[in-house]
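Undergrad: I'd like to ask you about the structure that follows.
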């Protein structure tokens, strides 16, 4: 009996370094995965916040009815994405109620360039506003698409990947829609 116990202890001791290195490797992989998800969420929120801020303005200020309608859709979508990304960062029970970010929360996510872009857009009016808004949205959506595609290459968290795949599809549709709007309004 003692001999079996000693052999078991020796076998366990021999496998301990392998188990420890596997655990360390798993921890590094988990940390890297967390870093990829955080980077993706942060970049998406930054670019998405500018899209949301300009769309909230355009929903009121756009002169072309189709541009105004796009702005309303984009506002709703960006509010939803912002809420989803925020909830994915929190522990605890998920909720079905949408909690869109306030204007001050959106402003806090904008960098200096985003704030300047927003102010420039607010200063425009009429057809010039519509053109500037559509151009801004087209540029922003192309950035958002690149962020999603970059994350899909390295992401490891199933739920985050699933949300990203859905977002990517919507972004591609919006780029097509924005291209049509750009052609229409000049």
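Undergrad: Is it true that residue 95 is surrounded by 13 or more Cβ atoms within 10 Å (Cβ to Cβ), under 17 Å from residue 83 (Cα atoms) and free of Cβ contacts under 8 Å to residues at least 40 places away in the same chain?
TA: no
Undergrad: Residue pairs, Cβ under 9 Å, 6 or more apart or interchain, first in the stretch 171-186 and within 13 Å of residue 68 (Cα to Cα), second outside any helix (DSSP H, G or I) and modelled with pLDDT of 95 or more. List them.
TA: Listed by first residue and then by second, the contacts come to 181/64; 185/64.
The values are calculated or read from the model by the stated rules, or taken from the named source; none is laboratory data. On a predicted model such as this, the values are computed, not experimentally measured, just so you know. Virtual Cβ from ideal backbone geometry, glycine too; neighbours counted across all protein chains shown.
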